[in-house]
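K.L.:
Let me begin by handing over the structure; questions about it come next.
Readers should treat all values here as calculations from the given coordinates under stated rules, not as data from a laboratory. Everything quoted here is computed from the prediction, not taken from an experiment. When we count neighbours, we look across all protein chains shown, and the Cβ atoms used for this are built from the backbone with ideal geometry, even at glycine.
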There are 2 protein chains.
Amino acid sequence: MEITLTSGKRIEIKPGTSILESLKNAGIYLTSSCGGKGTCGKCKIIIKSGQAVSKSKIKLSHEEVDKGYTLACRTFPSEDVLIDIPKESMLVVEGKVVTGKSKDLQTLLNSTGAKIDPLTERIVLQLPPPTLDDNISDLERLRRELFSKGMGCLRVPFRFMPDLAKTMRKENWEITLCTIHTEDCEEIIRITPGKKKTPQYGVAVDIGTTTIVVFLIDLINGELVDIASTYNSQIRFGDDVITRIVHATEHNKLKELNDVVVTDINVLLSIIRKNHRINIDSIDCVVITGNTTMTHLFLGLDPSAIREEPYIPTANAFPLSYAGELGVKVNPNIPVYAFPCIASYVGGDIVSGVLATQLHKKQELCMFIDIGTNGEIVLGNAEWLVAAACSAGPCFEGSGIKHGMRATDGAIEGVKIHPETLKLELKIIGDNVKPTGICGSGMIDAIAEMFLTGIIDQKGKLQKDVSSNVRKGEGGLEFVVYSGDGMELVLAESDIENIIRAKAAIYAGFSTLLKEVGYTFDDIQKIYIAGGFGKFLDIEKAIMIGMLPELPKEKFEYKGNTSVTGAYLCLLSRKLRAEAEEIAKKMTYIELSVSHSFMNEYVSGLFIPHTNIDAFPSVKKLMEK
Amino acid sequence: MEITLTSGKRIEIKPGTSILESLKNAGIYLTSSCGGKGTCGKCKIIIKSGQAVSKSKIKLSHEEVDKGYTLACRTFPSEDVLIDIPKESMLVVEGKVVTGKSKDLQTLLNSTGAKIDPLTERIVLQLPPPTLDDNISDLERLRRELFSKGMGCLRVPFRFMPDLAKTMRKENWEITLCTIHTEDCEEIIRITPGKKKTPQYGVAVDIGTTTIVVFLIDLINGELVDIASTYNSQIRFGDDVITRIVHATEHNKLKELNDVVVTDINVLLSIIRKNHRINIDSIDCVVITGNTTMTHLFLGLDPSAIREEPYIPTANAFPLSYAGELGVKVNPNIPVYAFPCIASYVGGDIVSGVLATQLHKKQELCMFIDIGTNGEIVLGNAEWLVAAACSAGPCFEGSGIKHGMRATDGAIEGVKIHPETLKLELKIIGDNVKPTGICGSGMIDAIAEMFLTGIIDQKGKLQKDVSSNVRKGEGGLEFVVYSGDGMELVLAESDIENIIRAKAAIYAGFSTLLKEVGYTFDDIQKIYIAGGFGKFLDIEKAIMIGMLPELPKEKFEYKGNTSVTGAYLCLLSRKLRAEAEEIAKKMTYIELSVSHSFMNEYVSGLFIPHTNIDAFPSVKKLMEK
């Protein structure tokens, strides 16, 4: 059987294989946040002709079904089919839009005072050919040359020995070494004949519980070549780290969880590589950051003890591994550097975030919060750092919200509701793109605006008679955020509850951590906010719903995905890598899950903005109006 | 088709496969010094019934052919056959005979002042289980415990990380680590749950150009458990290192040379392991010594530059490798330590030999000579060491001599010829064993006695009318050393020429090296002789033929196989391993092949005892008689 795309491309298909799987096998990747379970509705395609069995129509409107829309992950052709893939279903890389981001990153790198000095170095050597009077072995010749250039220690893994003699002689004793500093020594990761200084790329990967982001970086000039991102396919085994650990432990499926995340990364990497025609041997290193569980699952380490008291990871600082050991599709000898973690629930993504915000160099007291699937908070300055975790859930990344999505093209990232007409004004990511879902910043906006206009009450319950956009849906009341072209995007009451729980957990984390170390909100000079909100987060709205404390707006700084930014910095500077390792050593973890104070704060936060309304004077004033 | 042994054992055989190969596939190993080329005549078997095509009868007497003898390597059954394998054709381990040798080795180890402190260490740790107050990661817990015990640096290769959490928890936080010191750090090579202190074995391997010797050693008490040895199967690609390098280079057959030597070692190891029922996981480390070419071929390193001026090996000091990388059949993570070499023609076997003789600690000037396939000479003391090579050829190990063999059961190791009756008196290795060949010490004896009795002249030419044992053979005159039971062992004139060339090269090496550094024979206080001569070497006879210089007999000490002895010492003592590395650093290589003096000396040595008869006053006196 065959699938034909409207573009004319033909794909062989095996009976019993879903269209999603068949497309994937042919190198065509659709977006999917449920990992192919048929529940997220993101892999929509249109069957133009031919018969196919569709096993689920969840998330499809009647109109869509009538038009031939179906979910690729749950659709199995019974004969040759012709299909059309709508643009919004395609997993794409960001391509040309990265130029601005690239400049920002290069500016950030400069501002740290670090020079470009990549994690892996290429050294070109022109060795003196041996003579009867200078007849030391090839390996000694190599070492002598490097030591004369000031290298203190060189480790040559045995695997480079069999070809050493040929490689050194091939281009008249000129060779290029690629090395990485590890365990107090420079270790060889590649030896090539001749001068091979360029091109030289590195890969930075942020493995989020919900989202995976891959940066391809030019190691010569620090340019961000491209970005690719996708949902973490592990989602099909559960939305949060705990359910994934349970799956790995109880179902003995660590290997499976490991495979899917490695495959996700390989897919993103191959898309970028193809787009930019980058040879696999031009990639010298990979840096990954992620929370402790994601790091364990990616590295194939047993995560079971993370879940059970006293919550112990296999490691926080990871021995260097190589792409070949992990199945990452670059040269198998390429090192994969995993950011050090702090504890079971504060991972490498947070160390990376601190590096990206340079919190560890500030004189004044600062806070850093990363709102991903978990919320993690760091408090401190150049003197000390403490960190804590508050399980916020994945809703701000679009998971667990009916029409939630990541902050990519098509996401509603801003919502305004006119105070009188109650008409909605939406801000969509992308140029001339129809909305396909709501991302985290859009949710915060929507809740704040709905609260201000009385569409929801302090508990987040939808009011029936305020707005005509409130209607009864399949699972209860829902608020229609967008309707057009047969597409309807809603926030259901259950979605709103999820968002309120998430914001309550974040605020409770803030206040409990401060209390634990004897400070108040007023002591904080700066709050850095990270997360997958895209380019945009309205601080005032976040304060209004009680997610952020009420402090002067200028104290807040929205930083976007700091995890991948830190990985970028580490990839380009050995000095910054050393700083990351210092941050990890310095940071003290405080366990909030055993704190009564945290639970009390959380329960108090299940209102908009908070049970203690006096902590939010401006919101109180607005409410009084 | 099937082969049935007289023992009743049945073996499946594929058409086109030789009996030797089929037996090998079934784990039955025959001796063979030509590597299955059909030229050494050592793999004799008797076909009792059934038809088989025999492609070569070289080395078989008419009587043997009549009795059904055939060469297993060149015989291909055409139907089911019943065969008998004579005892002398079986490759066997030394078994019970090693007790005395074991005591000698243990005494030697004690005499060096080193304690038993094996190359790889097993460390049992009882770790404190984690609590909420002591919630560091598993890896940190491990490091903390080791550092508290005084370990300065611990390297944990990534491959041990995936199972770390399970291993540490399996036996209530008790684990046994196995580590090796490498590159200024202890590196983990195994982690097992619980206390696994014993049994603990090590393997020492001497890879000679002609002979491979494997020692299995108990690392707890230093006992030599058993010895196994065989011809190096690479012999089928050439007798000496040069022809093997040519084969590796010109025929692009490095992989093949590498495979056969690794297989030889695996065969010997598996025989010993089975005999002593030793579990593969009880073996913690492997130490190998060999000349530079053998070490390269074993490690799979390109040897081509060794052969061509300016004679450059890939390495002299080798990065640590692991059994899995090399195909050695023990646990794949077990380290394989290769003795450091000095230069292209002075290898790790010589460093090992110096360690075994403790030459590097002597106050007086000493000499060490290892007579294997090459002859290598070391001169020096605790202050300095110089080394040189003189290509002696493999004849003293039985190769290139019609009825030559290694010094194992059945070898004629001593020959006396009655000065009047000219009757021969032979000394055979083994209890009640019929002679099957002549080993190195037997050859030296025979040449000396034949010279003394006038059976050969000064040039080594056989005299027709002196002894009735001299007769015309296929290739010229030959001397019958043994005749009985249809078996005849001879020394042909071409054999005698080979032996004279070998002894000339050795003596030339001695005298040239001494001249190069400004000493004479009289300055030497001790000469240590190593080589595969078995337990026995008659120094007087060796002087008589002009192989050794005429010095007082007490200055000579025959040390046997010092290469494997040094490997034994290194395996049992980290201190001695460090000494071996010091020896390698300290030793200066002197290239004799470019010396005119060496060539002159060599040509002068092609007489018995030497052109300069005055250098051998006692021989001169005997000749005058």
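K.L.:
Could you please tell me the mean projected area of the C-alpha convex hull for the protein assembly as shown, averaged over all directions and given in square nanometres to one decimal? All intermediate terms of the calculation are to be shown ahead of the outcome.
P.N.:
Working: hull surface 220.8 nm².
Averaging across all directions leaves 55.2 nm² for the Cα convex hull.
K.L.:
Further, regarding this structure: For segment B:410-460, what size does the Cα cloud have along each of its three principal axes, sorted from largest down, in whole Å?
P.N.:
Principal extents (Cα only, largest first): 34, 22, 12 Å.
K.L.:
Once you wrap a convex hull around the alpha carbon atoms of segment B:357-494, what is its projected area averaged over all directions, in nm²?
P.N.:
Details: hull surface 41.7 nm².
Over every viewing direction, the Cα hull of segment B:357-494 projects on average to 10.4 nm².
K.L.:
Roughly how far apart, in whole Å, are the Cα centres of segment A:230-308 and segment B:565-589?
P.N.:
46
K.L.:
Based on the alpha carbons, how large is the Rg to Rh ratio for segment A:23-62 when Rh follows Kirkwood?
P.N.:
That ratio is 0.96, to two decimals.
K.L.:
Further question: Taking R0 as 51 Å, what FRET efficiency do you get between A:Arg471 and B:Arg159 from their Cβ-Cβ distance, rounded to the nearest 0.05?
P.N.:
Approximately 0.30, to the nearest 0.05.
K.L.:
Using a label point 7 angstrom from Cα along Cα-to-C-beta, what distances in nm, from shortest up, separate A:Ser483 from the other copies?
P.N.:
Copy-to-copy label distances at A:Ser483, shortest first: 11.9 nm.
K.L.:
Kindly point out, ordered by number, any Cys in chain A whose beta-carbon has no other cysteine beta-carbon under 4.7 Å away.
P.N.:
That list is A:Cys43, A:Cys73, A:Cys178, A:Cys285, A:Cys341, A:Cys366, A:Cys390, A:Cys395, A:Cys439, A:Cys570.
K.L.:
Give me the orientation-averaged projected area of the Cα convex hull of chain A, in nm², one decimal.
P.N.:
Hull-based average projected area comes out at 29.8 nm².
K.L.:
Same structure, new question: As an exercise, take the mean of 1/r over every pair of distinct alpha carbons in segment B:325-411, invert it, and state the Kirkwood radius in angstroms.
P.N.:
15.2
K.L.:
Inter-copy label distances at B:Glu582, 7 Å along the Cα→beta-carbon direction, one decimal in nm, shortest first?
P.N.:
Output for B:Glu582: 4.0 nm, nearest copy listed first.
K.L.:
Return the ratio Rg/(2.2 N^0.38 Å) for segment B:494-553, where Rg is computed over Cα atoms only. Each step should come with its number before you reach the end.
P.N.:
On the way: Rg = 12.3 Å, N = 60, 2.2 N^0.38 = 10.4 Å.
Rg over 2.2 N^0.38 Å, computed on Cα atoms: 1.18.
K.L.:
Using 7 Å Cα-to-Cβ label points, what is the A:Gln126/B:Lys103 separation (nm, one decimal)?
P.N.:
Distance between label points: 6.6 nm.
K.L.:
Taking the alpha-carbon centroid of each part, what is the distance from segment B:77-152 to segment A:514-543 in angstrom?
P.N.:
One Cα centre to the other: 58 Å.
K.L.:
Once Lys and Arg get +1 and Asp and Glu get -1 on their Cβ, which of A:Cys153, A:His276, A:Ser56 lies farthest toward the positive end of the dipole of the protein assembly as shown?
P.N.:
Value: A:Ser56.
K.L.:
When only Cα pairs under 8 Å and 6 or more residues apart are kept, what is the percent relative contact order across segment A:51-184?
P.N.:
Relative contact order, segment A:51-184: 25 percent.
K.L.:
Can I get the semi-axes of segment A:1-77's equivalent ellipsoid? Compute them from the C-alpha gyration tensor as square roots of 5 times the eigenvalues, in angstrom, largest first.
P.N.:
Those come to 18, 14, 11 Å.
K.L.:
Along Cα→Cβ at 7 Å, what distances in nm separate the B:Asn612 label point from those on the other copies, shortest first?
P.N.:
10.3
K.L.:
Now for a separate question. Spelling out what I want: for every residue of segment B:384-399, take phi, set θ = phi - 60°, compute 6.51 cos²θ - 1.76 cosθ + 1.60 (Karplus), and round to whole Hz; glycine and proline get x.
P.N.:
8, 9, 10, 9, 8, 10, 9, 5, 8, x, x, 5, 5, 9, x, 8
K.L.:
Of B:Lys362/B:Lys555; B:Lys197/B:Lys361; A:Lys14/A:Lys274; A:Lys55/A:Lys255; A:Lys24/A:Lys44; B:Lys170/B:Lys196, which ones are farther than 22 Å apart at the Cα? Write down the numbers at each step before the final one.
P.N.:
Values: B:Lys362/B:Lys555 14 Å; B:Lys197/B:Lys361 34 Å; A:Lys14/A:Lys274 26 Å; A:Lys55/A:Lys255 28 Å; A:Lys24/A:Lys44 14 Å; B:Lys170/B:Lys196 13 Å.
From the list (B:Lys362/B:Lys555; B:Lys197/B:Lys361; A:Lys14/A:Lys274; A:Lys55/A:Lys255; A:Lys24/A:Lys44; B:Lys170/B:Lys196), the Cα-Cα distance tops 22 Å for B:Lys197/B:Lys361; A:Lys14/A:Lys274; A:Lys55/A:Lys255.
K.L.:
Using helices alone, what [θ] at 222 nm do you get for chain B, with -39,500 (n - 2.57) per DSSP H run of 4 or more residues, divided over all residues and rounded to the nearest 500? Can you show the working numbers first?
P.N.:
Details: 18 runs with 188 residues, N = 625.
Rounded to the nearest 500, the figure is -9000 deg cm²/dmol.
K.L.:
Taking only the C-alpha atoms, wrap a convex hull around segment A:127-253 and report its volume per residue in Å³ as a whole number. Intermediate values should be presented prior to the final figure.
P.N.:
Details: hull volume 21.2 nm³, N = 127.
Per residue, the Cα convex hull of segment A:127-253 comes to 167 Å³.
K.L.:
Another question, if that's okay. Whats the longest run of chain A with zero GluC sites (Glu not before Pro) that are DSSP loop and have at most 10 other Cβ atoms within 10 Å?
P.N.:
Details: sites that count: A:Glu79, A:Glu364, A:Glu383, A:Glu420, A:Glu474.
In short, A:80-363.
K.L.:
Just grab the label-to-label distance for B:Asp281 and B:Val246, each label 7 Å out from Cα along the Cβ direction, in nm (one decimal).
P.N.:
Inter-label distance under the simple model: 4.9 nm.
K.L.:
Segment A:78-144: which trypsin sites (Lys or Arg not before Pro) are DSSP loop and have at most 10 other beta-carbon atoms within 10 angstrom?
P.N.:
Nothing satisfies the criteria.
K.L.:
For B:Lys416 and B:Ser494, what does the FRET efficiency come to when R0 = 30 Å and r is the distance between their Cβ atoms, rounded to the nearest 0.05?
P.N.:
In this case the efficiency is close to 0.80.
K.L.:
Would you please give the FRET efficiency between B:Ser49 and A:Asn172, computed as 1/(1 + (r/R0)^6) with r the Cβ-Cβ distance and R0 = 60 Å, to the nearest 0.05?
P.N.:
0.40
K.L.:
Amide H to amide H under 5 Å from B:Ile189: which residues, 5+ apart in sequence or cross-chain, H placed 1.01 Å off N in plane?
P.N.:
HN-HN under 5 Å from B:Ile189: B:Cys178, B:Thr179, B:Ile180.
K.L.:
Please identify the helices of chain A, taking whole runs of DSSP H, that span at least 24 Å along their own axis as judged from the Cα atoms and have a mean Kyte-Doolittle score of -0.5 or higher.
P.N.:
Numbers: long enough: A:254-276 (33 Å, 0.33); A:493-516 (34 Å, 0.07).
Answer set is A:254-276, A:493-516.
K.L.:
Checking the a/c ratio against 1.5 first, then a/b against b/c, what shape does the Cα gyration tensor give for segment A:120-193?
P.N.:
It comes out prolate by the Cα gyration axes.
K.L.:
A follow-up question, please. Below 8 Å, C-alpha to C-alpha, sequence gap of six or more: please give me the relative contact order for chain A in percent.
P.N.:
12
K.L.:
I would also like to ask the following. Largest first, please: the extent of the C-alpha atoms of segment A:192-263 along each principal axis, to the nearest Å.
P.N.:
Here the spans come out as 51, 26, 14 Å, largest first.
K.L.:
Here's a follow-up. Using a simple spin-label model with points 7 Å from Cα along the Cα→Cβ vector, what separation in nm is obtained for A:Glu63 and B:Asp431?
P.N.:
10.1
K.L.:
What percent antiparallel are the DSSP beta bridges of chain A, to the nearest 5?
P.N.:
70
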